[in-house]
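Let me begin by presenting the structure, written as structure tokens, before commenting on it.
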Amino acid sequence: MTAQQFFSRLKKIFPEKQILTQDVQLLPYESDALTAFKTKPRAVVLPETEQEVIDAVRLCYEMDVPFVARGSGTSLSGGSLPIKDGLVIALNRLNKIVKLDPQQRIAVVQPGVVNLHITHAAQVHGLYYAPDPSSQLICTIGGNIAFNSGGAHCLKYGMTSNHVLGIRAVLADGTVAEFGSESLDGVGVGADLVGLFVGSEGLFGIALEIIVRLLPKPEKYRTVLAAYDNLGKAGDAVGQVVASGLLPSAMEIMDNLAIQAAEASVNAGYPQDAQGLLIVELEGESEQVESEFEHLEQVIRASGAHEIRVAQSDEERTLIWKGRKGAFSAVGRISPDYVVQDGVVPRSYLGEALTEISRLSKAYDLRVANVFHAGDGNLHPLILYDGKQSGALEKAEALAGEILQLCISLGGSITGEHGVGMEKRDYMGAMFSEVDLEVMQEIRRAFDPKEIANRGKMFPSGEAPALKLHGMHPLEKKGVISRE
């Protein structure tokens, strides 16, 4: 069928005001938070009901039109980039909290609900929703589902997948399916299709309604700032805290460049002479937290911190986290452009990884601001460049690629929470064998035989880049890694 026939059918599903086709209307949807990639879709639709989403997907499947589901567009991997001549199904108007049951400690929400709005609705019952991405003020649950988002407190509470009990979804072929249960015990019956759907990056279909679990708000918090004269020391301190037997709810690290950016934006009162800043938070019952806090103080002092601060009020705690969570956007104050990476290394190699990133930064003559979830080794190096300079983006991407290869070589991963999307798809072959990737494709085709849902994402477009690091790798000299 022709494009004219497609639009004719589309207009039978949506009122004219819910279909965007003009260039000026499509402009905000041409990219997500990874603005280096841009593609103009054929059209954008703004469904206001579940049935409109289902009908749109069924039309796309019937007419072989690829589609992308999109929420607030906060993906940092190009995961919600439109497909050329495809349809964008924007879900922001499906933003209702359908049900909130404080006794069962669950909420049933639509995909366009903003992450933090669940906590706002639940806090009157002394409950909250634990996954807390830095973009939680604007990111939507549908996107969190697609990329299995984490956040600062994922060390203790896990990722989005640990907090989703059930999903009703329209699969890519138009089938409406329900996975999971409102009961925590019911989730473990049969194949874990909820776990399969969460993190599938939109390749299986679109979540229409999600059951999330809620947690009781902690009775007490203890939030500690520790400043170090060396970033590697801050990284080593993370391993020391974990080895001590403590399990903080969050452990975050920022380097001096990130500290300066956050101070310029938020004025959080961070020690500006610190080369590495470690934020550690304990939470739980008062007696337990106080006992653990004494232990934590001893470990932090022994780790070589030259300054230690403890938040003395909720306002001070909020300001500490405001600086950390605003760090990504704050970097825009010191650089016109930047690339955010999302690799993972084992905690025991954090210090070495940070030292190597510093070396690579000098080798490429590009500044790198490090902000990351230290507790689970999830690195977020921000590579600063000026897009107006010829070849600057390519240079930044080359450095980003070396950091990903470093993560793989240390036994880590190319992504912790941002997903593969467009940006990292050609590194999948460095992590997985051809057989592994083909099995993944077979599972994808079981849900989407025509491969129309978020086509072109996650899977390699060609051969994965070879493991080729910039010069002799210091960890190679130590025998920590090998390129043989």
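The values are calculated or read from the model by the stated rules, or taken from the named source; none is laboratory data. The model shown is predicted, which means the values in this text are computed figures rather than measured ones. FYI the Cβ positions are ideal-geometry reconstructions off the backbone, even for glycines, and counts take in every protein chain you see.
Strands (runs of 3 or more DSSP E) fully within the range 223-342 that include at least 1 residues being crowded, with 21+ Cβ neighbours inside 10 Å: 250-255, 276-284, 337-340.
Restricting the range 97-117 to residues that are closer than 17 Å to residue 168 by Cβ, β-branched (Val, Ile, Thr) and in contact with a helix residue (DSSP H, G or I) (Cβ under 9 Å, 6 or more places away or on another chain), the residue that is surrounded by the fewest Cβ atoms within 10 Å (Cβ to Cβ) is 97. In the range 418-444, the residues that are closer than 27 Å to residue 154 by Cβ and without any contact (Cβ under 8 Å) to a residue 24 or more places away in the chain form Cβ pairs under 7 Å with partners that are part of a helix (DSSP H, G or I) and of a type in the set (A, V, I, L, M, F, W, C), at six or more places apart or across chains, as follows: 431/408; 437/428.
Between 455, 445, the distinction of being in a helix (DSSP H, G or I), more than 19 Å from residue 404 (Cα to Cα) and modelled with pLDDT of 50 or more belongs to 445 only. From the list 165, 214, the one residue that fits, being under 22 Å from the mean Cα position of the chain (by Cα), buried (at least 24 other Cβ atoms within 10 Å of the Cβ) and farther than 24 Å from residue 78 by Cβ, is 214. Could you please give the count of residues in the range 128-142 that are of a type outside the set (A, V, I, L, M, F, W, C) and under 25 Å from residue 345 (Cβ atoms)? Residues flagged as of a type outside the set (A, V, I, L, M, F, W, C) and under 25 Å from residue 345 (Cβ atoms) within the range 128-142 amount to 6.
Residue by residue, here is whether (1) in contact with a helix residue (DSSP H, G or I) (Cβ under 6 Å, 6 or more places away or on another chain); (2) under 30 Å from residue 173 (Cα atoms) holds:
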| residue | (1), (2) |
| --- | --- |
| 200 | no, yes |
| 209 | no, yes |
| 229 | no, no |
| 234 | no, no |
| 238 | yes, no |
| 243 | no, no |
| 260 | no, no |
| 263 | no, no |
| 280 | no, no |
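All but one of (1) under 30 Å from residue 128 (Cα atoms); (2) not assigned by TED's automatic domain parsing to the domain that holds residue 415 hold for residue 346; state the number of the condition that does not hold. Going through (1) under 30 Å from residue 128 (Cα atoms); (2) not assigned by TED's automatic domain parsing to the domain that holds residue 415 one by one, residue 346 breaks only (2).
Rundown of residues vs (1) of a type in the set (D, E, K, R); (2) touching a His at 6+ places or on another chain (Cβ under 8 Å); (3) more than 20 Å from residue 270 (Cα to Cα), yes/no style:
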{"site": "299", "(1), (2), (3)": "no, no, yes"}
{"site": "302", "(1), (2), (3)": "no, no, yes"}
{"site": "319", "(1), (2), (3)": "no, no, no"}
{"site": "332", "(1), (2), (3)": "no, no, no"}
{"site": "358", "(1), (2), (3)": "no, no, yes"}
{"site": "365", "(1), (2), (3)": "yes, no, yes"}
{"site": "380", "(1), (2), (3)": "no, yes, no"}
{"site": "384", "(1), (2), (3)": "no, no, yes"}
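Has the range 210-218 got any residue that is closer than 17 Å to residue 310 by Cβ and part of a loop (DSSP other than H, G, I, E, B)? Checking the range 210-218: at least one residue is closer than 17 Å to residue 310 by Cβ and part of a loop (DSSP other than H, G, I, E, B).
Residue 180 satisfies every condition listed in (1) crowded, with 18+ Cβ neighbours inside 10 Å; (2) at pLDDT below 95; (3) closer than 20 Å to residue 321 by Cα; (4) of a type outside the set (A, V, I, L, M, F, W, C) except (3).
If you filter the range 6-56 down to residues that are among the acidic types (Asp, Glu) and part of a loop (DSSP other than H, G, I, E, B), you find that the one that is surrounded by the most Cβ atoms within 10 Å (Cβ to Cβ) is 32.
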